Structures are given as C-alpha cells and as structure tokens.
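J.: Dumping the structure here so I can ask a few things about it.
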Ligand code: GDP
Ligand code: IMO
Ligand code: MG
C-alpha cells in the first residue's frame, strides 16, 4: 500500500510544505491533487527559502518525481515563473521529473479579474479569496466550458481560446461590475509563450502514477488548503472551490483507496485563518497578536495578516473524521514558547448548550463559543529539540494531551521552519 496523503487539518498554512518536504525523503514521487496557486507552501533548507504555489514541495529533492494532477487549476504564466525560480536556484526542473496533467484546468486572466471583482462586490460578505481566479476556473470546469491544460499542446489554438475567454470576461467586468476591460493583446501573448514552455511537461500523470504504484514505489500526495476550506466539508461559502480533504487525492489523481496506508493530518499547535468565515477560538487580543508575531503569521501567497487563536479540538476531531487521519504532525510548537498558559477548546457552547460536534451550519459555527481546557505553558526555546526527551515536560504534556483528546498518534512535532527542526516520535 504505497500511498501517503498529507492534508491540512485546519484552515490552511499548517506547514504542509515543510511536512511534504520531510516525507519526500521516503517517497519516490510527490503529487499535488487539488487547488492552484492560492496555495503557498514554504520549504526552508539552510539559507534557502522556497515558496511554492503549484509545484509539489518534494521538488527540492532532486531525485523525486513531481506530478501536478487532474484536480488542479493551473495558471500557466505563474507555473512558468515558479519553474524559472526553481531553476535559478539550482533545482532540476527537467520534464523528465516534473509532469503536468493535460486534464487539469487553466486559470485565465479573466478568471483572476472576475475573482477580484466578484469578491469586492460581496462587500461585507466577502470571502476574502486570494484573487487567483480559483473559484472561476472551477466554475468553468463544472459547467463544462473550461480550458484544459492539454490544450496548451497547440499554442496558437490555445491563444485563441484565451483571447475568447478574456473577451467573455470583459463583457461581465464592464456590465456587471463597472470595471475597466482587460487589454487582451499582451495577456494572450504571455499565455501563448507559457503554453510553449509547458508543452514538454504535459504527460499522462495517471499512467505514470500507476506505473509507480504497481512497482510498489511510494507516492506522497501533498494537500493544499485545509479541511475547513474544503468546498464540501468547510463552512460554505467561506471555503475554497476544491476538495482539499483526503478524497480529493483520489479524485484529483485517479487511484483507489486500497493503495493508501498513511493519512497524515498537519495540525498547527494553535489555529490560524486567512480570509473571512467562522473561527470560534480566534483571539482578538494581545495573545492573538503575540501568536501572529511569534509565528510570523502573514500569508505566503497574499501577505495578509493571518487571524490567530487557540487549538480547536472540536474542529480537529471533525477533520480526523472527514479525512481518516491515522497520524498527526504538530507544527509550529516552538511558537507557543513563552506562554504562561495554553488553551485547547474541547467543546463549544452553542445557544447556551454545550456541544462537542462541530456544527457545519455556518451561522451556528459563527455563534459557537469555545469551552477551554488550560494546560501549563513553557518558557523555553525548543527550536533545538530533536528527540522527545529534549522537550520541556510541559511541551511533552501538551503533545500527549492532544493525542489523548484526538485519539490519533502524533508522528512528528516541528519546532522551527527549517528542514531539520523537528522531533520525530
Ligand atoms: P502550508 O501552506 O501548509 O505549506 O504552510 P505555509 O508555508 O503557508 O505556512 C507555514 C509557515 O510556517 C511558513 O512560513 C513556514 O516556514 C513556517 N513553519 C513551518 N513549520 C514551522 C515550525 O515548526 N516553526 C516555525 N516557527 N515556523 C514553521
Ligand atoms: P495553503 O495550501 C490559507 C483561503 C482564502 C479564502 C478562501 C477562498 O497555503 O494552505 P480562494 O482563493 O481559494 O478562492 O480563497 O480560502 N485560502 C487559503 N488560506 N492557505 C491556503 O493554502 C489557502 N488557499 C485558499 O484566504 O479565505
Ligand atoms: Mg500556505
């Protein structure tokens, strides 16, 4: 059973990139299965900081294959610039090892412009999207008018399709949002050039992945976003437009569940969220600011300050259920150093009644008040810890408490952003 799936257990930015980079060591290939460049995954190796949006984080290991699966939405111009960034830093970007599915969908300039205009028009009800055109590209996919990445194989025809999509978007931009139209000429040329650059990367990713699985090689599926941003399992409409959860790996890449033996949930030791939507344990006080500063909680993709709060066990138990996590990674444990007391929400109070099941109804989740259990903090720098015994007793107790409350084993605790700053359990 050669597949590991890594999924964000909260609202994204849990540290999936660094965990995928860690697990890539024991994998032969790494695949992204959903989302697009709304994702921002950070991998730090020594002085080198890689911020990846589309290419799987395993790319930093030169001997691994990388797949961008059917379930993704791809901005070709951004993919080319990401590949160029990697090449400049000495990473092998040869099409022998990086494979783009022809069945992913293209994010056009119109998708991006309309994403921004539509979210702005929502006013106070805005989702706070990344403005990368994600929702609009998935809309076109679902209504069966989307542009497949495979169409880049003929750059001229592809350019015509992009031109058409810009013209269509301009009509809506002007008539519905009173926004200025896009100038198609430069954008179409840029997209055509990107298509030519990406042609060698187009490959039957499904066949290549199955060749690996049949040869009993290990595939690591790198989730993007997080469980509570999943279109079916998060608080609609404050979600992204894809399945970030475990199931998305199977539909987005095309393999059966019998291949999967490890489902790893990446859990930040506290919670963060970018964009709008319910967040019961959010801290709007000094403690929230302390977490934001200590954890450098500013978006990898948009630079926006992330909302911060305590660990939410009610939401985590839901994520465990939805994904079937059999292992957890706790990230950013070092950030909690210096807190006198750490809180974990073990229940909510909803309309005066205690509940332990997370409500999926968005309005109910907005009203839910966390019920906390407090545990002692630690006043030590744990970033040099490499084995459990290096951690202060209070840190060990926090980890054990999370295992007890969640019923899932913690396999690793990360104590710093760099590759080796981790305690393997
Ligand atoms: P992803 O989207 O889940 O891959 O996470 P991001 O890369 O967007 O955000 C995680 C941020 O936390 C990045 O800046 C990482 O470098 C950083 N990070 C990851 N793990 C740790 C950790 O254990 N400690 C600290 N201090 N930072 C971490
Ligand atoms: P990674 O993979 C955190 C959020 C946006 C917004 C909502 C919808 O780095 O964890 P979208 O642009 O997808 O239509 O925005 O989802 N969002 C993320 N938040 N991390 C991400 O990715 C995110 N991708 C989308 O902020 O609230
Ligand atoms: Mg991120």
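J.: Restricting to segment 290-343, name every residue that is within 15 Å of ligand 3 (Cβ to nearest atom), buried (at least 20 other Cβ atoms within 10 Å of the Cβ) and under 17 Å from residue 277 (Cβ atoms).
T.: 297, 306, 307, 308
J.: Filter segment 7-64 for residues that are touching a residue at least 60 places away in the same chain (Cβ under 8 Å), surrounded by fewer than 24 Cβ atoms within 10 Å (Cβ to Cβ), more than 14 Å from ligand 3 (Cβ to nearest atom) and in a strand (DSSP E or B) and give the result.
T.: Answer for segment 7-64, where residues must be touching a residue at least 60 places away in the same chain (Cβ under 8 Å), surrounded by fewer than 24 Cβ atoms within 10 Å (Cβ to Cβ), more than 14 Å from ligand 3 (Cβ to nearest atom) and in a strand (DSSP E or B): just 45.
J.: Residue check: is residue 67 at pLDDT 95 or above, more than 16 Å from ligand 2 (Cβ to nearest atom) and under 16 Å from the mean Cα position of the chain (by Cα)?
T.: Answer is yes for this residue.
J.: Another question about this same structure. So for segment 361-375 (the condition being free of Cβ contacts under 8 Å to residues at least 60 places away in the same chain, in contact with a strand residue (DSSP E or B) (Cβ under 9 Å, 6 or more places away or on another chain) and within 17 Å of residue 337 (Cβ to Cβ)), does at least one residue qualify?
T.: Yes, the conditions are met somewhere in segment 361-375.
J.: Inspect segment 172-186 for any residue being surrounded by fewer than 21 Cβ atoms within 10 Å (Cβ to Cβ), under 30 Å from residue 16 (Cα atoms) and either touching a helix residue (DSSP H, G or I) at 6+ places or on another chain (Cβ under 7 Å) or touching a residue at least 24 places away in the same chain (Cβ under 8 Å) (or both) and give the result as yes or no.
T.: No, every residue in segment 172-186 fails to be surrounded by fewer than 21 Cβ atoms within 10 Å (Cβ to Cβ), under 30 Å from residue 16 (Cα atoms) and either touching a helix residue (DSSP H, G or I) at 6+ places or on another chain (Cβ under 7 Å) or touching a residue at least 24 places away in the same chain (Cβ under 8 Å) (or both).
The values are calculated or read from the model by the stated rules, or taken from the named source; none is laboratory data. For clarity, every value in this text was computed on a predicted model and none was experimentally measured. Note: ideal-geometry Cβ built from the backbone for every residue, glycine included; neighbour counts use all protein chains shown.
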